[in-house]
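Working notes, structure below.
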Amino acid sequence: MKVFFIGAGPGAHDLITVRGAKILERAPMVMYAGSLVPRAVLCHCRADAEIIDTASLDLDQQEACYRRAQAEGIDVARLHSGDPAIYGATAEQMRRLEKLGIAYEVVPGVSSFTAAAASLGSELTRPAVSQTVILTRVSGRASVVPERERLGDLARSGATLCVFLSGPHLKRIVADLSAHYSPDTPVALVYRASWPDERSHRSTLGRLLREIRLRDWRLTTLLLVGGALGREPGLESRLYAAEYPHIFRPARKQGRRPRARQTPAPGADGADR
Ligand SMILES: C[S@@+](CC[C@H](N)C(=O)[O-])C[C@H]1O[C@@H](n2cnc3c(N)ncnc32)[C@H](O)[C@@H]1O
């Protein structure tokens, strides 16, 4: 008997991994965080699976489900939104499973911050603008953010910031960010990336709060900020530049046609991006 923590992805039923979907196809018991994982993802479950929405269960009640599955000798698929490693509250479940002597395995998923970038058609890293992505949140009732990770301090880096669980705190977030990013820094809100009712709003830090109604962005919203989100043509990576040779695309002799793809020597590093 085993518990599989599976990243359900950001919402669309076909953004779960093939491995995750295959485990769902055979799991007799499925526990899912109904507040964030849409029922559409459950289409991968077998018809007779016992489906448990954990949104209203505390940790002891969830442990009781694991104990029951252990007694019955059946596997459990435990679905978490996005990737289970990010704000998934999986660590405490894993500690309980270890105490019970129950084996577990994690199947990663598409996190909502990459789904949000996809929805915006944006790359989060751009040469000489930002090569760092910070995933963070503001303190909530359930989880305290350490002082040293205050948004204002993270903003000092000028990196691309993805602020999870941001919906109810947009005013505070914009105020904290504005201490370090200029008012014309690109910012975007993405609500329910990949869900049928997905929407997004692009703006700048200085304008955002004047352009939106706060109540429209309270739940399941990600805020992304940073120069990398800008759409103006900027510096390009050298990776695809014609005059930039590397191990997978050696320098071409003038007038010669490119040769068929070469396999790099075993152990050779990839191109230096
Ligand atoms: C408890 S966290 C879970 C994050 C999740 N583990 C992940 O990797 O995306 C919940 C927050 O993730 C963000 N989120 C989750 N799914 C989202 C989606 N489809 N679109 C936008 N934001 C999403 C929102 O900020 C939401 O408040």
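Table for the structure above
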| item | result |
| --- | --- |
| Within-15-Å neighbourhood charge of Leu209 [Cβ basis; K, R +1; D, E -1] | +4 |
| R0 of 25 Å, Cβ-Cβ distance Arg68-Ala91: FRET efficiency to nearest 0.05 | 0.70 |
| Full-stretch length increase - Arg26, Asp153 - with 0.36 nm per residue and alpha-carbon distance subtracted | 41.1 nm |
| Kirkwood Rh and Cα Rg combined as Rg/Rh, region 2-107 | 0.92 |
| GNM top mover of Ser56, Ser112, Ser81 - the chain, alpha-carbon springs below 10 Å | Ser56 |
| DSSP-assigned coil residues among trypsin sites (Lys or Arg not before Pro) in region 168-215, each with at most 11 further Cβ atoms within 10 Å | Arg213 |
| Cross-link reach list, aspartates and glutamates versus Lys22, counting only Cα pairs under 18 Å and skipping chain neighbours closer than eight places | Asp14, Asp48, Glu50, Asp75, Asp83, Glu105 |
| Inter-label distance, nm, simple model (7 Å from Cα along the C-beta direction), Ser182/Met1 | 6.1 |
| Farthest positive-ward along the chain dipole, Cα basis, beta-carbon charges - from Leu154, Ala91, Tyr66 | Leu154 |
| Nearest-20 debye value, the chain charge dipole, Cβ charges on Lys, Arg, Asp, Glu | 940 |
| Cβ-based net charge around Ala49, under 12 Å, with every Lys or Arg adding one and every Asp or Glu removing one | -2 |
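Coordinate-derived values only; no laboratory data. Just so we're clear, the structure is a prediction, and the values are computed from it rather than from any experiment. Cβ coordinates were reconstructed from backbone atoms using ideal geometry, including for glycine residues, and neighbour counts include every protein chain displayed.
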